[in-house]
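Input: a single structure, listed below in structure tokens.
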Amino acid sequence: MMQIKILYEDNHLLGVEKPANVPVQEDASKDGDLLSFLKQYIQRKYNKKGEAFLGMVHRLDRPAGGAMVFARTSKAASRLSEQMRARKVQKTYLAVVEGSYADSAGTYHSYLFKDRTKNIVHVVPKGTPGSQEALLNYHVVARAEGMSLVKIDLETGRPHQIRVQFSHDGHPLIGDNKYGSTRHGKPTKHLALWSLQLDFKHPVRDEVIRIVSTPPNEHPWVFFSTDIISLLNGGEL
């Protein structure tokens, strides 16, 4: 039975912590997916007849985990989707990557093309047919054991974007064999990518909602546990 941590809930929204390696929606594997589980959760909790409505307004790669928000009404889904399109939702991620950065911060601005036959994304020259612009900003929070903990402010949400752009710069995410992680030693069960925080305007009320999820205390996050706590408590997000 899937166990899901509820981070925020009202009549319009459902914020949850997506477990790593759980698909957001049903895929070819037919493994249990988050969206189906949450619909059943709402149906049971509120004694709804028939399938409960739950709008998916953004995604997380299956191997990643962390904060996600779903819409419980069509109005909320429409308004949240518009915020996503207008880049008014602040998405903050954490990743543990191979190597130590010389600089403390930077920007990745590139163009990505997804090979759908192989489900892999490449950095390509600007103007390549089918490519999409991809932009993110990063800040190096800490360094340890030949790895770096980076905070990522995602401006565009392209498939595999974070994984591809860091790998292209020679810093693949720990545990990301798909995009070049070759680090040896103690294995990690999951990709070291976590949706740390979402900030957005409530779709109905005039207030800003913040949903926060912290990574599990396991390899490789365990090397940076105090840094993550300081990051959250220090208001550096």
**Straight-distance crosslink candidates among lysines, where the alpha carbon sits under 18 Å from residue 45 and sequence neighbours closer than 8 are dropped** = 5
**Complete:** Read-out semi-axes √(5λ) of the Cα gyration tensor in Å, candidates [x] 24, 23, 19; [y] 45, 23, 19; [z] 29, 20, 19; calculated match is [z]
**Request:** Would you mind ranking 34, 135 by Cβ crowding within 10 Å, fewest neighbours first?
**Result:** 135, 34
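Please state, rounded to one decimal and in Å, the Kirkwood hydrodynamic radius that segment 74-156 gives when every pair of distinct Cα atoms enters the mean of 1/r. Mind dumping the intermediate values first?
Numbers: mean 1/r = 0.0666 Å⁻¹.
Result for segment 74-156 stands at 15.0 Å.
Within a 10 angstrom radius of the beta carbon, how do 201, 18, 48 rank from fewest other beta carbons to most?
Values: 201 15, 18 24, 48 12.
Lowest count first: 48, 201, 18.
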**Asked** Dipole size in debye (nearest 20) for the chain around its Cα centre, Lys and Arg Cβ +1, Asp and Glu Cβ -1?
**Response** 800
**Request:** Starting from the Cα of residue 88, draw a straight line to each of the lysines and keep only those under 24 Å, dropping any in the same chain fewer than 8 residues away.
**Result:** 18, 75, 151, 201
**Prompt:** Between residue 137 and residue 28, what is the spin-label point distance in nm, taking each point 7 Å from the Cα along the Cα→C-beta axis?
**Reply:** 3.8
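Counting other C-beta atoms within 10 Å, which of 207, 26 has the fewest, and how do the rest follow?
Details: 207 7, 26 13.
Sorted ascending by nearby Cβ count, the order is 207, 26.
If you average over every viewing direction, what projected area does the convex hull of the Cα atoms of segment 1-107 give, in nm²?
That works out to 9.0 nm².
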**Message:** If each residue of separation counts as 0.36 nm, what is the full-extension length gain between residue 177 and residue 205 once their alpha-carbon separation is subtracted?
**Reply:** 5.8 nm
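We did not get these values from a lab; they are worked out from the coordinates using the rules stated. Since the model is a prediction, treat every value here as computed from it, not as a measurement. Positions of Cβ are generated from backbone atoms using ideal geometry, with glycine treated the same way; all protein chains shown enter the neighbour counts.
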